[in-house]
Amino acid sequence: MSSRLDGRFSGAEDYSEGATHYDVQNKRRASVVEEARKRRTAVVREADVVIEDSPLRRMRRGVYMGADGVRPTDVMATDLHEIPAGATSTIHRHSWDAVMWVTAGTGWTEINGVRVDWKPWDTVYIPAWSWHRHGNESAKDARYMSWSVGPMFEYFGLALLEDAGDEPFAQLPPPPKSAASNLLGDRLDPADPYARRLTRLLNSRVDTSDSRLHTAWDDVTPRVTKRGARSMFLVDESIGYRTSGLTAVMHELAPGRWQARHRHGGDAYLYVVKGHGHSDIDEDSYTWAEGDLIVVDHWCWHQHFNDDPEATTRLIRVHNADSIFDLMSTLLDPLPLLEEPPQLDGPDLTGFVWPDPLDGRPPTD
Ligand SMILES: [Fe+2]
Ligand SMILES: [Fe+2]
């Protein structure tokens, strides 16, 4: 008598075409990369970003990168937001964090009941799970860019968003705790592995609730880096922020100069605040101008050039390297995930006098 298990025990091969673990897994992995390659973008032009009304949020939005528009992403999303003169948005919160950078106008953002007033070129940080709303009490529309790690949370199935309309903050529920704080106190015996987990999660780095929230442009400190740009930290652990991994820095390139060539894993987005230039990304070259977003999406040699012979150009670089990239470095060790030529090819800046950081800022009233 034969059974369908005979082959399994006799050692007979059963490479059921396409159905084995090996086939299924390979096919799935190939399609992930194929899909990601189809989505590759080098520069999102400001002119291609459609600004739409969002009556639900009482604001307007233009999607640079993200599934709400035509360029879906896996890790970060980038949007332009407009708060009409006199408008106040609804209050909402989400499981991911985000960075805002004000391009024009004045306004405020209330974050967990704390009001942050902002003006052009200020940076505001929205911690994960914080209740936040925006307002504009002026007679002119206000605009800001945002970068969030919402897509990464969606990828992991952990993206949650709650909108509470006009509910005052005091009546809204607190964020979920990172550990069962009701079990704290003398019951946390380090000899108990469950107690050790609770303690660790309570002190977890992703508890962003004690983060700094605001970098006023008036307070930034510019420093020239070895790669040849003058850089200002906007959101970084070194200036008091605690994020899920998002960092933001402004890079300023001297007239006709560039930043040293390099490559790394992970996405990096560069928003062009001022000036024009081009980026060499592997074999190709892409021009860009004010309002565009340069997308360096992974492991390609890249170098950014300021094509203006007279004035500096300013770019805001945002990436999520401090979480996913660090993790990938560990997972892929000993593969290096950041490469630079043995000699950095930064420009000669001898004698160049950098402009006042306040030069070119839009009106602040
Ligand atoms: Fe938000
Ligand atoms: Fe880079």
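The values are calculated or read from the model by the stated rules, or taken from the named source; none is laboratory data. Since this is a predicted model, take the numbers as computed values, not measurements. We place every Cβ from the backbone using ideal geometry, glycine too, and count neighbours over all the protein chains shown.
Every residue, every condition in (1) at pLDDT below 95; (2) in contact with a helix residue (DSSP H, G or I) (Cβ under 8 Å, 6 or more places away or on another chain); (3) surrounded by 15 or more Cβ atoms within 10 Å (Cβ to Cβ), yes or no:
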residue	(1), (2), (3)
D163	no, no, no
Q171	no, no, no
P174	yes, no, no
S181	yes, yes, no
L184	yes, yes, no
D192	yes, no, no
N203	yes, no, no
M232	no, no, yes
Review point. Quick check: anything in the range 314-333 in a loop (DSSP other than H, G, I, E, B), under 28 Å from A142 (Cα atoms) and within 14 Å of ligand 2 (Cβ to nearest atom)?
Key: yes
Point to revise | Boolean, V70 is closer than 21 Å to E237 by Cα, away from ligand 2 (no atom under 16 Å from the Cβ) and out of contact with any helix residue (DSSP H, G or I) (no Cβ under 8 Å at 6 or more places or on another chain) | key: no
**Study point:** Residue identified as out of contact with any Asp or Glu (no Cβ under 6 Å at 6 or more places or on another chain) and within 12 Å of ligand 2 (Cβ to nearest atom) among G266, G256, G228, G240
**Key:** G266
Review point. Which one is farthest from ligand 1 (Cβ to nearest atom), of the residues in the range 278-289 that are surrounded by fewer than 22 Cβ atoms within 10 Å (Cβ to Cβ) and not β-branched (V, I, T)?
Key: E283
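Would you point out which residue out of D292, D322, D345, D308 is in contact with a His (Cβ under 8 Å, 6 or more places away or on another chain) and surrounded by 13 or more Cβ atoms within 10 Å (Cβ to Cβ)?
Just a single option satisfies the conditions, and that option is D308.
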Review point. Quick one: how many residues across the range 106-118 are more than 16 Å from ligand 1 (Cβ to nearest atom) and touching a residue at least 60 places away in the same chain (Cβ under 8 Å)?
Key: 1
Check your understanding: Does W131 satisfy the criteria of being in contact (Cβ under 8 Å) with a residue 40 or more places away in the chain, under 21 Å from the mean Cα position of the chain (by Cα) and within 16 Å of ligand 2 (Cβ to nearest atom)?
Key -> no
Revision key, fill the gap. Picked from the range 119-157 (must be of a type in the set (K, R) and farther than 23 Å from D219 by Cβ), the residue nearest to ligand 1 (Cβ to nearest atom) is R133
Exercise for review: May I ask you to say which residue of N320, N306 is under 28 Å from R40 (Cα atoms) and in contact with a Pro (Cβ under 8 Å, 6 or more places away or on another chain)?
Suggested key: N306
Check your understanding: Taking the range 16-55 as the search range and keeping residues that are touching a residue at least 24 places away in the same chain (Cβ under 8 Å) and assigned to a loop (DSSP other than H, G, I, E, B), which one is surrounded by the most Cβ atoms within 10 Å (Cβ to Cβ)?
Key -> V49
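Looking at the structure I just gave you, is W301 among the hydrophobic types (A, V, I, L, M, F, W, C), within 15 Å of ligand 2 (Cβ to nearest atom) and buried (at least 20 other Cβ atoms within 10 Å of the Cβ)?
no
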Exercise for review: Please state which of the following conditions G240 fails to meet, knowing it meets all the rest: (1) among the small types (G, A, S); (2) over 23 Å from E339 (Cα atoms); (3) modelled with pLDDT under 95; (4) surrounded by 19 or more Cβ atoms within 10 Å (Cβ to Cβ).
Suggested key: (4)
